[in-house]
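Bear in mind these aren't lab numbers, they're just calculated from the coordinates by the rules spelled out. Note that the structure is predicted; figures quoted are calculated from it, not measured. Cβ placement follows ideal geometry from the backbone for every residue including glycine, while neighbour counts extend to all protein chains displayed.
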Amino acid sequence: MNKLIIENKNEYYNLAIEYLKRIDIKEYEQGEFNTIVPESISVLIDHDFIPTPCIKIRLNLLLDEKEAGKYFLYINQEKGFIDEFLMFD
């Protein structure tokens with residue numbers, strides 16, 4: 001699984017960006033950002049409330065070059081959606 005992620009990391013980041021763009025940011029108070037920065041991709045082996053193993057993709061959300069929030073996308077090995085979290089600072 002790690003080799004597959006390494007070989008296709010840009011595809012995974014683009015997938016996370018696509019999911020993030022589907023969220024209505026207006027629902028979040030002070031939920032503003034103007035830049036998306038790919039941060040990390042990891043494999044979760046064990047988690048309390050997310051089915052594992054799965055792939056966790058993290059994006060940092062910046063507003064005027066300062067971190068404004070984080071987005072996490074959890075997908076299965078077939079790139080199927082499991083869950084997502086959006087947090088603003």
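Between residue 40 and residue 67, the contour length at 0.36 nm per residue exceeds the Cα-Cα span by 8.2 nm.
Of the GluC sites (Glu not before Pro) in segment 1-50, the ones in a loop by DSSP (not H, G, I, E or B) with at most 10 other beta carbons within 10 Å are 29.
Values [x] 34, 31, 21; [y] 50, 32, 21; [z] 36, 27, 19 are given for comparison; Cα extents along the principal axes in Å, derived from the coordinates here, is the one labelled [z]. Take every pair of alpha-carbon atoms less than 8 Å apart whose residues are at least six positions apart; their mean separation over the length of the chain yields a relative contact order of 23 percent. A straight Cα-to-Cα reach below 16 Å connects residue 3 with the lysines 56, 79, residues fewer than 8 places away in its own chain not being considered. Qualifying GluC sites (Glu not before Pro) in segment 58-89, where qualification requires a DSSP coil assignment and no more than 10 other C-beta atoms within 10 Å, comprise 65, 78. The aspartates and glutamates whose alpha-carbon is closer than 12 Å to the alpha-carbon of residue 9, local same-chain residues fewer than 8 away aside, are 39. In a fully extended conformation the segment linking residue 81 and residue 52 would gain 9.2 nm over its present Cα-Cα distance, using 0.36 nm per residue. Taking the helices alone, the chain has a mean residue ellipticity at 222 nm of -6000 deg cm²/dmol, built from -39,500 (n - 2.57) per DSSP H run of at least 4 residues and averaged over all its residues.
Stretching the chain fully between residue 6 and residue 26 yields a gain of 3.8 nm (0.36 nm per residue, less the alpha carbon separation). Between helix 9-21 and the chain, what is the angle of the helix's C-alpha long axis to the longest principal axis, kept within 0 to 90° and rounded to the nearest 10? Once rounded, one gets 50 degrees.
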